[in-house]
Amino acid sequence: MATVGQENARMLASLLGIEEADAAERLDKTVRVTVAAGFAVAGDEVRDLLDRTIRVADLDEAEPDLELVIGPAEPATPGPHIYASLTQRGVIVDAIPLRHSNECIHPLLMALAACHIAAAALHRVIGSSSLPRLSLPLSVDFAELGIPKGSLTTPFDISGMVLVGGGAVGNGFLRALRHVPVRGILPVVDPKVVGEGNPNRCLYFTSDDVGLPKAPILAQAAQPDFPDLELKPHTCTFGELVAKTGLVDTAIVTVDSRRARRSLQKEIPRRVIDASTTDARAVIVHSHSQPTDDACLACIYRHVPDEHARERSIAEGLGIEIETVRAGFITADAAARIAKAHPSVEAGKIIGKAYDTLFKELCSAQALLTPEGRQVLAPFAFVSALAGVLLVIELLRTNHQTATTNYWTVDPWGAPIGRLRRLRPRVPDCEFCADDDARRLVHSLWGRGA
Ligand SMILES: [Zn+2]
């Protein structure tokens, strides 16, 4: 099954169109991170992100493959170097030393900057022209984020919201949320267990957590970062939680499939704040509040023919029917049949896993090789972390009702560009919006005067 290193190598192999072994070699690199006083938060974030993908050198490492210098510090090695300059306006990463000023920067902005600095460092050490384009200087302007004035420092109660999904983006969301003053109670919902490749991008998980349920592991690991917020884990689906505890005001959505998002829409949360990643190429942010005449979560993640192809190839690869795959999670009966077709698989260990997850693991282990494997590839840590930061920013924007758009795509290898925000319309054949009963229910639940 997939180790952390294999998961990263497979992602890179897919990005570059090379063999996994060659990709593993390209990731066998050392980066030394030198951090100026006052930039420790950014330095620690960058180290944490890089450490899950390549090797971060000890401070006595004299000849790293790259030395990354953050803030006004002197390089400690002959290089090669890249330099990052952080100010209240933004972050610049370049191959030459930069001008600096000593300014106090909010830690959430440091966390965002860290994702872009990690991207630039990774791009430089991998050094392939087949990677998505990243040109230096890379300049990220914090004004593009559209963060409402004062919202980073104004305490707020998050009770009434639910974090749906405790995977990579769920981890990234909590890592980012710890930097803003929140209080209250936040349920964390996920029916799955930690997979062997997960720690490559889930910063609250370690290899000791593999096989344990995600929700309680995440809640326990993240809790010390939240003195005024109680994280309450639920090992079940969002639908099961709603059945137990009733309607949810705000769903913070980080689940990993389009199908799961559409089924979540049917539980009719008043507000949805969602972020997803497309392998390592894009981060997509969506939000809406009901009632809306614009796109819902099921409009944004409407059924596309590709999904059939992927489900078919998962079914064929695992030796089961496509209807069984559509059920989402592996039953005891399906596990027995899969184990029969794949001697390396132990039936008892895969019951309750998502088909996507098993498929991804078998792909990483080279047990299955199909073009559709790519669609379920896990991104690098910095991509999931960026999705988490953008999710927190979208939460602040919708809290302050400054969100007049509902869709944003951000290139994790580039800079966030505010004018790329879109207001996506409703899709005429959306399986949720086109259902008159569902629309009526929305208005009676969340309409004016409801
Ligand atoms: Zn819709």
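The values are calculated or read from the model by the stated rules, or taken from the named source; none is laboratory data. Worth saying up front: this structure is predicted, and the values here are computed from it rather than measured. Reconstructed Cβ throughout: ideal geometry from the backbone, glycine too, with neighbour counts over all protein chains shown. The protein model used for the area step is the full one, side chains on, heavy atoms only, and it has no ligands, DNA or RNA in it. Shrake-Rupley method; radii C 1.70, N 1.55, O 1.52, S 1.80 Å.
Cross-link partners among aspartates and glutamates for K244, C-alpha distance below 15 Å, same-chain residues fewer than 8 apart left out? Qualifying aspartates and glutamates at Cα under 15 Å: D190, E267. Restriction of the chymotrypsin sites (Phe, Trp or Tyr not before Pro) in the range 187-258 to DSSP coil positions whose beta-carbon has at most 11 other beta-carbons within 10 angstrom yields no sites. With springs connecting C-alpha atoms under 10 Å apart, model the chain as a Gaussian network and identify which of G43, G17, G317 has the largest mean-square fluctuation. Per the Cα network of the chain with a 10 Å cutoff, G17 tops the list.
Protein-only accessible surface at a 1.4 angstrom probe places the residues T409, T53 in the order T409, T53, largest first. Measuring between their Cα centroids, the range 224-244 and the range 118-143 lie 36 Å from each other.
So if each residue of separation counts as 0.36 nm, and I subtract the Cα-Cα distance between E144 and E19, what length gain in nm does that give? Numbers along the way, then the final one.
On the way: separation 125, 0.36 × 125 = 45.00 nm, distance 3.76 nm.
Going from the current span to full extension adds 41.2 nm.
Trypsin sites (Lys or Arg not before Pro) within the range 47-140: which are DSSP loop residues with at most 16 other Cβ atoms inside 10 Å? Here the sparse-neighbourhood loop sites are R89, R99, R133.
Assigning unit charges at the beta carbon (Lys, Arg +1; Asp, Glu -1) and nothing else, what dipole magnitude in debye, to the nearest 20, does the chain show about its Cα centre? If you can, show how the numbers build up before the last one.
Details: 47 positive and 55 negative charges, 269 e Å.
For this selection, approximately 1280 debye.
Taking all Cα pairs closer than 8 Å and separated by 6 or more residues, the relative contact order of the range 392-437 comes to 28 percent.
Over 19 Å between Cα atoms, which of K214/K349; K266/K353; K214/K353; K232/K266 qualify?
K266/K353; K232/K266
Of all DSSP-defined beta bridges confined to the chain, some 45% are antiparallel rather than parallel. If you find the alpha carbon centre of the range 36-88 and of the range 403-450, how far apart are they in angstrom? Each part's Cα centre sits 40 Å from the other's. Taking the protein heavy atoms of the chain in the context of the full set of protein chains, the accessible area attributed to carbon and sulfur is 50 percent at 1.4 Å. Shape analysis of the chain places it in the oblate category; the axes a ≥ b ≥ c from the Cα gyration tensor give an a/c of at least 1.5, with a/b not above b/c.
Based on protein heavy atoms only, the chain ends up with 41 Å² per residue of surface accessible to a 1.4 Å probe. Need one word for the range 137-221: rounded, prolate or oblate. Basis is the Cα gyration tensor (sqrt eigenvalues a ≥ b ≥ c); a/c below 1.5 gives rounded, then a/b vs b/c decides. Taking the square roots of the gyration eigenvalues as a ≥ b ≥ c, the range 137-221 is oblate. Between the beta carbons of E316 and D294, assuming R0 = 35 Å, the FRET efficiency works out to 0.40 to the nearest 0.05.
Under the convention that each Lys and Arg Cβ holds +1 and each Asp and Glu Cβ holds -1, the size of the dipole of the range 4-145 around its Cα centre is about 400 debye. Considering only beta bridges that DSSP places wholly inside the range 4-145, some 40 percent are antiparallel. Does the range 4-145 come out rounded, prolate or oblate by the C-alpha gyration tensor, with a ≥ b ≥ c the root eigenvalues, rounded set by a/c under 1.5 and, if not, prolate when a/b is larger than b/c and oblate if not? Taking the square roots of the gyration eigenvalues as a ≥ b ≥ c, the range 4-145 is prolate.
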